[in-house]
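Below you'll find the structure, written out as structure tokens, and then a few comments.
The values are calculated or read from the model by the stated rules, or taken from the named source; none is laboratory data. Given the structure is predicted, the values throughout are model-derived calculations rather than measurements. Positions of Cβ are backbone-derived with ideal geometry, glycine not excepted, and every protein chain shown enters the neighbour counts. Surface accessibility is based on the protein's heavy atoms, side chains included, excluding ligands, DNA and RNA. Shrake-Rupley method; radii C 1.70, N 1.55, O 1.52, S 1.80 Å.
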Amino acid sequence: MYGKPDSRLRIEVNRMKEILERTSCRNFKDFPVSDEDTEKLLRAAMQAPSMGNQQPWDFLVITDKAKLEELAGIDTYAKFIAKTPEIIMILGDRNEMRFPETWMMDCSAAAQNMLIEANSLGLGAYWFGIVQSQERVDFVRKLFDLPESVIPFSLMGFGKMNRWTKPEDRFDAARIHSEKW
């Protein structure tokens, strides 16, 4: 039923190009992201769905090399952050949360929109989580002097890719259930 080729497949793949070709990139050229592209990324993020249209997010754009080097100290495995041309940090704002139980889903939708838009702009991108680690939250809160009502959710890195790697096809029909398990 699912995963079987049909005549619409070619058309569907063309419409889903940015999704199907999206891949994570952590190795960038030393070239800034244009202001125009940054605005497009932010517009894509803010177009994301959110529970009751609460839009519990704020965004912090970071391009300063010294700040990026400091930010790379967030984790042992985050050294690549220092060589990222631009980071857009997604922040949850408790003051904007009418439905606090869903803010992370809302911010995740914003993150995904940015990843897809980055691909359509020819930019490489990655998603680096913060909220799942209190140490990371505390590190970022201190580094950027964030108010207590603002929760750092994730870092979204963007730039021109050094090399593009073809993403794997992750579709797995065995993971699909119909009507019951």
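Residue pairs whose Cβ atoms lie under 9 Å apart, sitting 6 or more positions apart in sequence or on different chains, and linking a residue in segment 133-161 that is aromatic (F, W, Y) to a partner that is modelled with pLDDT of 95 or more and open to solvent by 70 Å² or more (accessible area, probe 1.4 Å), are F153/M104. Considering only residues in segment 166-181 that are charged (D, E, K, R) and part of a loop (DSSP other than H, G, I, E, B), the one that is nearest to N119 (Cα to Cα) turns out to be K166. Filtering segment 23-32 to residues that are within 16 Å of I116 (Cβ to Cβ) and either in contact with an Asp or Glu (Cβ under 7 Å, 6 or more places away or on another chain) or buried (at least 18 other Cβ atoms within 10 Å of the Cβ) (or both) leaves only C25. Of all the listed residues (D30, D58), the sole one being part of a loop (DSSP other than H, G, I, E, B) and either under 15 Å from the mean Cα position of the chain (by Cα) or at pLDDT below 95 (or both) is D30.
The condition of being modelled with pLDDT of 95 or more, open to solvent by 40 Å² or more (accessible area, probe 1.4 Å) and closer than 16 Å to F128 by Cα holds for only one of E70, E86, E39, E117, that being E70.
When restricted to residues that are free of Cβ contacts under 8 Å to residues at least 60 places away in the same chain, over 15 Å from R26 (Cα atoms) and not basic (K, R), segment 63-75 contains 3.
Applying the set (1) open to solvent by less than 70 Å² (accessible area, probe 1.4 Å); (2) touching a strand residue (DSSP E or B) at 6+ places or on another chain (Cβ under 9 Å) to T63 leaves exactly one unmet item: (1). Exactly one residue among A78, A125, A173, A110 is open to solvent by less than 50 Å² (accessible area, probe 1.4 Å) and more than 17 Å from the chain's Cα centre (by Cα), and that residue is A173. Among the conditions (1) more than 19 Å from C25 (Cα to Cα); (2) among the aromatic types (F, W, Y); (3) in contact with a Gly (Cβ under 9 Å, 6 or more places away or on another chain), the only one that F80 does not satisfy is (1). Of all the residues in segment 33-49, those that are in contact (Cβ under 8 Å) with a residue 60 or more places away in the chain and assigned to a loop (DSSP other than H, G, I, E, B) number 4.
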